[in-house]
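Undergrad: Got a structure for you, written out below as structure tokens; questions coming shortly.
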Amino acid sequence: MSKDLIVKDNKLIEAKYSLSTLQQKVLLQAIAKIEPTDTKHIYRFSIMDFAENVDLKGSKTIYKQMVTICDQLTDLRKFYIEKEDGGITYINWVASAEYIPKEAVVEVEFSQKLMPYLIELKEQFTTYYLANIMTLKSSFSIRIFELLKQYEKLGKRKIKLEELRRLVGTTEIDQNGEIIKEDYALYGHFKSRVLIPAQKELKQKTDIYFNFKEIKQSKKVVAIEFEILENTKNKKKIQNSIDYEQISLDILHLQEKFKEKTNVDIKYETLDKLVKEKGYNIVEKYIDNWDKFKHQTIKNVLGFFIVAVIQEFDIPTKQNGSGLSANFEQREYTEEDLRKLYSNYI
């Protein structure tokens with residue numbers, strides 16, 4: 001599960017466009033790599049990471065799909081953003097997209113016109129965790145999530161029905177205002193194919209969910225009023241996944257450091273269990289101070305380290321005349337003693 005953040009100018013959230021679910025996810029995966037003060041506009045991501053994020057880990061077709069998607073991204077229809085001075089900026093999503101098979105990565109070069117809506121944002125922007133949307137199955141769910149996330153603090157949002165259709169991409173118009181695409185023209189179809197599935201998906205998978213009310217004129221639905229609610233259970237689940245991902249990276253760091261200090265390998269699972277029981281800082285402390293135990297006759301390095309962490313041995317601070325630490329109580333353990341003490345960790 002990705003811990004990356006998506007940060008978008010609200011004008012980009014409000015833009016009208018139509019993208020497939022996979023196209024949106026590829027763009028968002030690349031957007032998540034952007035740092036707030038970046039001056040570059042080319043970003044890479046691992047296809048393996050992407051496959052894991054979208055719950056397609058182990059898929060044999062994901063690489064072929066990426067070739068197709070990269071081709072599609074360069075041919076996406078332009079969208080426009082209305083400027084405060086009344087002008088209109090027409091924007092391409094990407095300048096180029098490349099699948100690099102030797103490295104199993106995708107490289108996305110965003111258009112120069114798009115970048116101001118993704119970097120150095122100081123006001124009127126929306127932020128959310130990428131983890132919220134990567135397992136959503138519907139492109140409509142992704143768009144509705146963003147539109148509601150933008151108003152999460154207010155707790156409600158009212159959108160005219162025709163505007164909502166254009167925002168989620170079921171209706172497209174050209175620059176002359178002529179309709180060039182209209183899916184689910186009947187409100188009943190729009191409700192059953194777009195609103196209800198999005199409502200179910202967001203409640204099941206994201207950190208917000210919504211109820212909605214139909215606003216009518218005579219008998220015709222003309223607007224939708226959304227009530228935006230915090231999805232406490234999912235919010236905690238997503239945050240825990242993000243926290244655990246960071247812990248996973250930290251444990252890998254400990255694993256490397258242990259090998260450097262002792263010249264002995266330690267399993268990730270062993271460190272993970274020690275960290276869960278004793279805390280990251282305690283485990284790191286004994287790795288950092290390993291050199292201070294060198295006076296010990298340690299035949300079983302791994303066993304001694306585990307026992308030292310479990311029982312929180314005093315760490316030697318200085319040597320006395322006999323070569324032993326003045327503040328350290330000598331401990332002698334047989335192999336059998338050590339095995340009994342650390343058997344649950346190996």
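The rows are residues; the columns are (1) assigned by TED's automatic domain parsing to the domain that holds D174; (2) assigned to a strand (DSSP E or B); (3) touching a Lys or Arg at 6+ places or on another chain (Cβ under 9 Å).
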{"site": "K40", "(1), (2), (3)": "no, no, no"}
{"site": "F45", "(1), (2), (3)": "no, yes, yes"}
{"site": "M48", "(1), (2), (3)": "no, no, yes"}
{"site": "S96", "(1), (2), (3)": "no, yes, no"}
{"site": "K102", "(1), (2), (3)": "no, no, no"}
{"site": "V106", "(1), (2), (3)": "no, yes, yes"}
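Undergrad: Also, I was wondering about something else. For residues that are in a loop (DSSP other than H, G, I, E, B) and basic (K, R), scanning just the stretch 264-296, find the one that is surrounded by the fewest Cβ atoms within 10 Å (Cβ to Cβ).
TA: K294
Undergrad: Exactly one of these conditions fails for K11: (1) part of a loop (DSSP other than H, G, I, E, B); (2) of a type in the set (D, E, K, R); (3) closer than 18 Å to R166 by Cβ. Give me its number.
TA: That leaves (1) as the condition not met.
Undergrad: Here's another thing I want to ask about it. Are any residues in the stretch 101-117 of a type in the set (A, V, I, L, M) and farther than 15 Å from I34 by Cα, and if so, which ones? Lay out the reasoning, then the answer.
TA: Filtering the stretch 101-117 down to residues of a type in the set (A, V, I, L, M) leaves 104-106, 108, 114-115.
The answer is A104, V105.
Undergrad: Here's another thing I want to ask about it. Is it the case, given these coordinates, that Y99 is more than 25 Å from V67 (Cβ to Cβ), surrounded by 16 or more Cβ atoms within 10 Å (Cβ to Cβ) and of a type in the set (S, T, Y)?
TA: no
Undergrad: In the list S192, S141, which residue meets the criterion of being among the small types (G, A, S) and over 18 Å from L22 (Cα atoms)?
TA: Every option except S192 fails the conditions.
Undergrad: Next question, about the same structure. Got at least one residue in the stretch 211-234 being at pLDDT below 85 and outside any strand (DSSP E or B)?
TA: no
Undergrad: In addition: Taking strands (runs of 3 or more DSSP E) that fall entirely within the stretch 112-184, which contain at least 1 residues that are crowded, with 18+ Cβ neighbours inside 10 Å? Explain how you work it out, then say what you get.
TA: Working: elements: 125-129, 156-160, 171-173, 179-182.
Because the criterion is at least 1 residues that are crowded, with 18+ Cβ neighbours inside 10 Å, the strands (runs of 3 or more DSSP E) in the stretch 112-184 that meet it are 125-129, 156-160, 171-173.
Undergrad: Are any residues in the stretch 58-94 among the β-branched types (V, I, T) and either assigned to a strand (DSSP E or B) or not assigned by TED's automatic domain parsing to the domain that holds S46 (or both), and if so, which ones?
TA: I81, I88, T89, I91, V94
Undergrad: Do you know which residues across the stretch 189-207 are more than 16 Å from E225 (Cα to Cα) and surrounded by fewer than 18 Cβ atoms within 10 Å (Cβ to Cβ)?
TA: Answer for the stretch 189-207, where residues must be more than 16 Å from E225 (Cα to Cα) and surrounded by fewer than 18 Cβ atoms within 10 Å (Cβ to Cβ): H189, S192, R193, P197, K200, K203, Q204.
Undergrad: Answer yes if at least one residue in the stretch 241-263 is in a helix (DSSP H, G or I), among the β-branched types (V, I, T) and modelled with pLDDT of 90 or more, and no otherwise.
TA: no
Undergrad: Write out, first by first residue and then by second, each pair whose Cβ atoms fall under 8 Å of each other, whose residues are 6+ apart or on separate chains, and whose first residue, in the stretch 269-285, is outside the structural domain of F258 (by TED's automatic domain parsing) and closer than 12 Å to I306 by Cα while the second is among the aliphatic types (A, V, I, L, M) and outside any helix (DSSP H, G or I).
TA: Listed by first residue and then by second, the contacts come to nothing, as the list is empty.
Undergrad: Give the stretch 246-281 a look and list any residue that's among the aromatic types (F, W, Y) and within 12 Å of L302 (Cα to Cα), or say none.
TA: F258
Undergrad: Related question: Which of the residues belonging to the stretch 17-36 are β-branched (V, I, T) and over 22 Å from I180 (Cα atoms)?
TA: Step one: list which residues in the stretch 17-36 are β-branched (V, I, T), which gives 21, 26, 31, 34.
Answer for the stretch 17-36, where residues must be β-branched (V, I, T) and over 22 Å from I180 (Cα atoms): V26, I31, I34.
Undergrad: A further question on this structure: For the stretch 118-149, what are the residues that are at pLDDT 95 or above and in contact with a strand residue (DSSP E or B) (Cβ under 6 Å, 6 or more places away or on another chain)?
TA: Those that are at pLDDT 95 or above and in contact with a strand residue (DSSP E or B) (Cβ under 6 Å, 6 or more places away or on another chain): L148, K149.
Undergrad: Follow-up. Taking K102 as meeting all but one of (1) more than 22 Å from A131 (Cα to Cα); (2) in contact with a strand residue (DSSP E or B) (Cβ under 8 Å, 6 or more places away or on another chain), write down the number of the exception.
TA: Status for K102: all satisfied but (2).
Undergrad: Residue by residue through the stretch 194-209, note down the ones that are without any contact (Cβ under 8 Å) to a residue 40 or more places away in the chain and closer than 17 Å to E152 by Cα.
TA: Those that are without any contact (Cβ under 8 Å) to a residue 40 or more places away in the chain and closer than 17 Å to E152 by Cα: Q199, K203, Y209.
The values are calculated or read from the model by the stated rules, or taken from the named source; none is laboratory data. In this text the structure is predicted, and so the values were computed from the model without any measurement. Virtual Cβ from ideal backbone geometry, glycine too; neighbours counted across all protein chains shown.
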